[in-house]
1. If r is the Cβ-Cβ distance from Leu144 to Ser351 and R0 is 51 Å, what FRET efficiency results, to the nearest 0.05?
2. Please work out how much length the chain gains when fully extended from Leu204 to Val104, using 0.36 nm per residue of separation minus the C-alpha to C-alpha distance, in nm with one decimal.
3. Which value in nm describes the separation of the simple spin-label points at Asn382 and Asp186, placed 7 Å from the Cα toward the beta carbon?
4. What list of ³J(HN,Hα) values in whole Hz, one per residue of the range 376-384 in order, does the Karplus curve 6.51 cos²θ - 1.76 cosθ + 1.60 (θ = phi - 60°) give from phi, with Gly and Pro shown as x?
5. Using 28 Å as the Cα-Cα cut-off, could you pick out the over-long pairs in Lys260/Lys385; Lys171/Lys260; Lys328/Lys385; Lys171/Lys197; Lys197/Lys256; Lys184/Lys385?
6. Per residue, how large is the accessible surface of the range 250-394? Use a 1.4 angstrom probe and give square angstrom.
7. Which of rounded, prolate or oblate describes the range 152-230 when judged by the alpha-carbon gyration tensor and an a/c cut-off of 1.5?
8. Working out 0.36 nm times the residue gap between Ala163 and Ala359, then minus their Cα-Cα distance, what length gain in nm do you get to one decimal?
Amino acid sequence: ASFLNIILALFLLNCAVARASSFIATPRLSPCAATNHQMIRTISCTGSRKPSTNFGRNIGNAIQPNTGLPTNSIISIRGGGGGTNSQLPLSLSPVTLFDNTPFVQFNLIILAVNALGFVVSILSGGSHLHLDLLGTGAFAIAALPTSGLLALSSIPRIQLSAACVSLWGTKLASFLFFRALKMKHDSRLSDTLSTTKGTFVFWLISLVWGCLCSLPHSLGATSSYNIPLLESPCSMLGAALFTVGILTETTADVQKWLFKQSNPTQFCNVGVWSISQHPNFLGNMLLWFGIFMMNVPGLIEPPPIISAGETNVVSSIMLFFQTVWRFKRVALAALSPLFLYTLFTGQASGSITNALELAQKKYGNDPDFVNYVNTVPLIFPNPIKLLLIMAGKN
């Protein structure tokens, strides 16, 4: 119950911040307005003056992406006692804008698929076959609108992020569905799915997990931030982490499945399972942290517009809070890796689920298992041992 309260609180925080952000307008520049004693960016109202080639490259009247302003806008300098109005051209950089529609769309799809899962569970009398197919497959379905397949987004960062989410969701849902077809039943969920209330709680947790886990992508898809992937260190690092994570998770799942086929009564301690008790958890955290890193640059809002001469204490305090508030989407997206870390460490230690208790009952009399539990890290492997294994020396 306490765990459910935590994830419900995180979900409500997610919704509240997203709702609040929709009422906060991104700073926009007025095309024909200026305030005395200030220097602001504006477009010449007369349209008769052309930018000088002495200030940046003259690319005509092309509109700067994501700003709605011509690339070479005009600086209007007004005031100064003489009433003069001087205009100088300025080359503007793109301004990141936000649209919450992809975020809402993604979460509505997650909600719809999990609602379908609840209905199927009730109508099927507690079948386990569809649980992971729908619960995990919801990620792949929800990511489609922002992927390159439907061409609804032309931003490479968003397309890469959507491709990663879809690849992971499709891969994991397919594997878990295949496993369910072979096993038919998951004894860990028998009691939970035996009642309507338990079934509802299961799919509610699945919904909250889907919404929280996907925050880096669903929030990242709201941003117009767009630079080439190869010029973004965060995107490249994120892609590398995702690759390592999905390979680790897939290797762990396959190795354990193959081991159990020939050793159904033994615990798995081969391959990556020899350096981590839960390498699949490790891979999952790595790949989602990679997706988070891909989208971090796009989650930072534009800096606040500062008026000339405003240097008093109140304005300084307001500027500080405005600057911090620029990172609210980064903080919200960071709930995903934090949530996964809390969830997986809780499961591995037995503080959230009874998985550890069940393992102790099954293998507790095996001295090799006792030694395994006492010497092998829960999730994060010993770096030195990991390097030795990768080098083939252990």
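The values are calculated or read from the model by the stated rules, or taken from the named source; none is laboratory data. Values in this document were obtained by computation on a predicted structure and should not be read as measured data. Cβ placement follows ideal geometry from the backbone for every residue including glycine, while neighbour counts extend to all protein chains displayed. Side chains included, ligands, DNA and RNA excluded: accessible areas come from the protein's heavy atoms. Shrake-Rupley method; radii C 1.70, N 1.55, O 1.52, S 1.80 Å.
1. Details: r = 36 Å, r/R0 = 0.70.
Between Leu144 and Ser351 the formula returns 0.90.
2. On the way: separation 100, 0.36 × 100 = 36.00 nm, distance 1.77 nm.
Residue separation times 0.36 nm, minus the Cα-Cα distance, leaves 34.2 nm.
3. For Asn382 paired with Asp186, the spin-label model returns 3.3 nm.
4. Result, rounded to whole Hz: 9, x, 4, 10, 8, x, 5, x, 5.
5. Values: Lys260/Lys385 24 Å; Lys171/Lys260 20 Å; Lys328/Lys385 38 Å; Lys171/Lys197 30 Å; Lys197/Lys256 33 Å; Lys184/Lys385 37 Å.
Over 28 Å Cα-Cα: Lys328/Lys385; Lys171/Lys197; Lys197/Lys256; Lys184/Lys385.
6. 55
7. Working: a/c = 4.87, a/b = 2.07, b/c = 2.35.
Here the range 152-230 falls in the oblate category.
8. Working: separation 196, 0.36 × 196 = 70.56 nm, distance 3.57 nm.
Roughly 67.0 nm would be gained on extension.
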